[in-house]
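Please treat every number below as a calculation from the coordinates, not as lab data. Predicted model only: the values in this text are computed from it and were never measured. In this analysis, Cβ positions are derived from the backbone assuming ideal geometry, glycine residues included, and neighbour counts consider all displayed protein chains.
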């Protein structure tokens, strides 16, 4: 049956409308076979007195007390009249507001903030900025498709909101002026845009790189899966005293190689945990601390762990090159892990036998642990229980996180669609009054190229509501997120010195460290360690970050402090919680947002401006490009053409041959141009140069005979010289001439045909 409340009108109009609604309701009841029982004669009499017509409802109906109560409420709720106390806008005031808007546009002082964030809004308004309201519904558009701005006084009067009862006249006047100036900016792109949620409206803001935005497009390191993968390259960016990340070893279960590495890590950690348990409990005076007559576990499990640790040290020191180790099968590991679970988690003992070499095994275990520690820097956080923490790769606020101690618990999530990461749990954290805590540290990135990091000077601690214990895996003991701890109450067993709100600021923590005798740990170890972790993580993730200029973002890094006061990075959160959940955050969050505006706005316009509690901890130095010297350093390429081969009888080659022969024959030219004579032209064919023999005896004889014969007209006398012997006879000369002429004709024809083909 329908409810009459949904059928009655929202506001009281006339009695006819009310009676029509009641009639409609009872007609529905009649259809559903629920007959009315009583008559309301008073309503009918009023209706008949109002107009001398027959009553609208002819069928008798009943009004129950519940229906009558609803009708009375409807009669009391009058329709709100139009607010007559609206602000009157004059043309002079409108001109003044329009001038303020024009000045703000020239000075680039317009902003939009989506959501509450009154601290940031008031910071901008106090600096003379004008806000443009961005609602869910766009303003009405004109004929050209662009929202038509209001032009007349009446148009602006219509958009003025109504005055609330609790508003003062001054506050209402300022609100109306802000609404009018915002409407004047409806077609203007603002200079600062703040939105903590990723939605579709960010796209057109991100295109304009001159606009300042508070979020980067890509921040892969803010997810647990992305941070784990990016920190694999941290060894390239590590720098002592500047950048170093302490991150508990972590594996992404979506990759098979990561899972196999995790299995090896889990097994080796089980070996070291068993050795730690044995060496910490064994004493010569009382061997029953590790053995028992009722014990069920064999001592071979301890020997197995010692061998595996020694093999690990040998591989790390490359001693396995000339030595082969025995293959350890999976069933052997499963058997060892079963003994490990029974001893560590079920409190069972080794079986007691006489003449056990416990002292020798104790020495071997200590030596093995000492060797492993040289190559295992995270042994300080491992403890003795081999506990790991399983986290969803892309969730926040502590959802889906669980602690595990068996290898089978990890293999169950391997086939799930959601990717998980498994990380070594810090079993030995620093405790305050036996309670676990973590530290939330804010930092801000104002540029990725070069990388610029600002770190907030203050931080706060978040406590657990329960006393820390590794026997209980409940989230209230181990997850210190405020979103998790707010669901539980503080136990009575906690120390009274702990805060009821489960939060401390860093100043209170420094006072506690001074109280326990470590006054310098915060300034000398913890704070520098957190700074190095943040810088190192950002350097490792820099290549994947968005390089959009005029972009910044505030992040929250979570740290856990180990027993030696070393900070360990757990995760980095985008959009950190800045709500006033406790008295600590109620003081720190507004101050952090105000100081953020100082860095983003004031520091940009005035380099010497105050930045509040934000300190510039890192700015990447890029080498400056060399000054322009007017030289054209461009490289231009040309198409490569195949070079045409020249014929050996071509004019160019003949000229080169002649010049080459002349220079070889001229001794003066040879001495002057030795470089040329030593190098033969490239395209010249081989030329045989015939030299005259000028011997001392034969030369004189030939000259004398020529002189004597010149006086007598007779036939010249030929001397049998090598040159004359090589000369053919006259008949042979005529035959040779005919052959040479025929060769010349053939060569001439061949050259003509070659030229024709080359022209084609």
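In this simple spin-label approximation, residue 702 and residue 351 carry label points 7 Å from Cα along the Cα→Cβ vector, and these lie 12.0 nm apart.
Stretch residue 296-residue 524 to full length: gain in nm at 0.36 nm per residue minus the Cα-Cα span?
Details: separation 228, 0.36 × 228 = 82.08 nm, distance 4.89 nm.
Extra length available between residue 296 and residue 524 comes to 77.2 nm.
With neighbours defined as other Cβ atoms within 10 Å of a residue's Cβ, the residues 277, 117, 388 order from fewest to most as 117, 277, 388.
With the cut-off at under 12 Å, measuring from each backbone N in region 313-350 to a point 7 Å along the Cα-to-Cβ line of residue 281 picks out 340-350.
Stretched out fully, how many nm does the piece from residue 619 to residue 431 gain, at 0.36 nm a residue minus the Cα gap?
Working: separation 188, 0.36 × 188 = 67.68 nm, distance 3.46 nm.
Between residue 619 and residue 431, full extension yields an extra 64.2 nm.
Counting every other Cβ atom within 10 Å of each residue's Cβ, 486, 506 order from fewest to most as 486, 506.
Measuring r between the beta carbons of residue 159 and residue 260 and using R0 = 56 Å, the FRET efficiency lands at 0.30. Taking other Cβ atoms within 10 Å as a rough exposure proxy, 580, 442, 504 sort from fewest to most as 580, 504, 442. Taking label points 7 Å from Cα along the Cα-to-Cβ direction, residue 235 and residue 134 give a separation of 4.4 nm. Sorted from greatest to least, the principal axis extents spanned by the alpha carbons of region 428-619 come out as 54, 33, 31 Å. Label zone of residue 210 (point 7 Å out along Cα→Cβ, amide N under 19 Å): in region 162-194 this covers 185-194. Here each label is just a point 7 Å from Cα along the line to Cβ, and for residue 631 and residue 363 those points are 7.2 nm apart.
Reported value for region 266-340: 105 Å³ per residue, from the convex hull of its C-alpha atoms.
The alpha carbons of region 252-381 stretch over 45, 31, 29 Å along the principal axes, in descending order.
Using the Stokes-Einstein relation with a Kirkwood hydrodynamic radius computed over Cα pairs, the translational diffusion coefficient of region 412-492 at 25 °C and a viscosity of 0.890 mPa s comes to 157 µm²/s.
Test of understanding: extend the Cα→C-beta vector of residue 505 to 7 Å, then name every residue of region 556-581 with backbone N under 16 Å from that spot. Backbone N within reach: 579-581. Cβ-Cβ distance of residue 605 and residue 218, R₀ of 22 Å, FRET efficiency by 1/(1 + (r/R0)^6): the value works out to about 0.20.
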